[in-house]
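Reviewing the structure listed below.
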Amino acid sequence: MSHEELLARHRAVLPNWVALYYDAPIEIVSASGRRVTDGDGRTYLDFFAGILTNALGYDVAEVADAIRSQLSTGVMHTSTLYLIRKQVELAERIASLSGIPNAKVFLTNSGTEANEAALMMATQLRRSNEVLALRNSYHGRAFATVGITGNRSWSASSLSPVKVSYVHGGYRYRSPFRSLSDADYIAACVDDLRNIIETTTAGEVACMIAEPIQGVGGFATPPDGFFGAMKTVLDEYGVLFISDEVQTGWGRTGEHYWGIQAHDVVPDAMTFAKGLGNGLAIGGLVGKPELVDAFTANSISTFGGNPIASSGALAVLDFIRDHDLQAQAAKLGSVLFDGLRSVADQYSVVGEVRGKGLMIGVELVQPGTREASARAASLVLEATKQRGLLIGKGGLYGNVLRLAPPMTLTEEETDEALGTLRESIAAAHEELS
Ligand code: PLP
């Protein structure tokens, strides 16, 4: 089947809203390290790690061996009816990494299911269907999560069984409080939170859910300490706090293992997925026992924590620890960040460089203005692809480049990507000036 035929068949049978990247989307037919190869034999450096799913990159022997070893037992039995050794081991490991006292873990197959479960638990425990979320947020595409998403291009709020109120704080670059100092910005957002709780909600709010760095929102990054200050108000009103770590978990932000740890706060629960499976479908939540045990009726995820996914995930966590990938994310993230800042100094098509570790957003604007430029992002995406580099894009206006390579990235690959990004951003700047 030709590439054109595959694309036509994709468009005919898959939903219109499954967006593909690029005018000529590629098919990945093989992959190794941080590089993927398409059907025409062209190789690309993957600077989006799937969608932050391939935390370790591709063809990782340790993960493949763990999966093979589980397969060799013949146990592909998937149910939640009997004991699953690897599931218990994985849950113990995540609980101990979480920093939440006496934490319990519920395993799912995706970030969406993890967040749905967290929302169900919080609303059940608090006997309220009111939720707070940040503007510009994204938490998944099921009934409750899509309804609370605060980003127009990903939401469908009329569907929501949950009542949501949005608060300020996630996306500072286009916030009315953007010119304030960090401390004043945090204070203004805390005031807004208090005001929303007191004037918009019916008063009995179950939880607030937030991404420490907003993923599809364009890696928007609140100042350190922001969520700690917000949590003080949430505690006053008895509102639970859920940190959505689907993109920020497992050391990717460099300095901390979980994104929320930059905020000096222990959440009531954290949800996770993406990088944990290095491509396998696994997600879940870890939280305080009174929250995780909140269901009084039976509830299961048939495939959640199945033996294959749990074995692979354990190998991923071992790999991150054994190769100190968190330190690698911190080190190469700062090289990347500094390099991109210097590109921003030279080309005013870059409005802001932000993020932490290997999670860096580059907000593009019409040169010399603050006006969001989705066109600039499209130009850079195509130009980097032509030069053998795959990157992500996102943001409320589709104008943010998202850089999140596998955490096994090398210095040479970092330099290669920086060179490609510089050339591609320069070309977009020229075209739009
Ligand atoms: N939460 C965040 C922060 C995400 O970025 C995503 C996916 O992009 C989700 C939840 C949903 O995860 P999934 O696509 O695995 O259902």
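Values in this text are rule-based calculations from the coordinates and carry no lab data. For clarity, every value in this text was computed on a predicted model and none was experimentally measured. When we count neighbours, we look across all protein chains shown, and the Cβ atoms used for this are built from the backbone with ideal geometry, even at glycine.
Counted as membrane-span-like here are DSSP H helices of the chain whose alpha-carbon atoms extend 30 Å or more along the helix's own axis and whose Kyte-Doolittle mean is -1.0 or above; these are 325-346, 411-432. Calculated FRET efficiency, residue 102 and residue 142, Cβ-Cβ r, R0 22 Å, to nearest 0.05? The calculated FRET efficiency here is 0.15. Please give the FRET efficiency for residue 30 paired with residue 152, using the beta carbon to beta carbon distance and R0 = 45 Å, rounded to the nearest 0.05. Efficiency for this residue pair is about 0.75. A straight chain from residue 318 to residue 410 at 0.36 nm per residue would run longer than the Cα-Cα distance by 31.2 nm.
Annotation: the residues 100, 28, sorted from fewest to most other C-beta atoms within 10 Å of their own C-beta, follow the order 28, 100.
List the trypsin sites (Lys or Arg not before Pro) within the range 18-49 that DSSP assigns to loop and that have no more than 15 neighbouring Cβ atoms inside 10 Å. Here the sparse-neighbourhood loop sites are 42. Neighbours of residue 10, meaning other residues whose beta-carbon lies under 15 angstrom from its beta-carbon, give a summed charge of -3 when Lys and Arg score +1 and Asp and Glu score -1. Distance from the C-alpha centroid of the range 78-136 to that of the range 256-280: 12 Å, rounded to the whole angstrom. Residues in the range 375-404 near a label at residue 7, defined as backbone nitrogen under 14 Å from the 7 Å Cα→Cβ point? Zone members listed by number: 382, 386. Within the set of other residues whose C-beta is less than 13 Å from the C-beta of residue 170, count the net charge using Lys and Arg as +1 and Asp and Glu as -1. Net of charged neighbours comes to +2. Net charge of the neighbourhood of residue 206, taken over other residues with C-beta under 12 Å away and scored Lys/Arg +1, Asp/Glu -1, is 0. Here the chain carries DSSP beta bridges of which approximately 65% are antiparallel, counting only pairs with both residues inside.
Counting 0.36 nm for each residue step from residue 93 to residue 19 and taking away their Cα separation leaves a gain of 23.1 nm. Approximating the spin labels as points 7 Å out from Cα along Cα→Cβ, the residue 77-to-residue 426 distance works out to 6.2 nm. Measuring spread by the Cα atoms of the chain yields a radius of gyration and Dmax of 21.3, 64 Å.
For the listed residue pairs 331/356; 231/288; 104/163; 231/393; 331/385; 104/356, the alpha carbons are over 21 angstrom apart in 104/163; 231/393; 331/385; 104/356.
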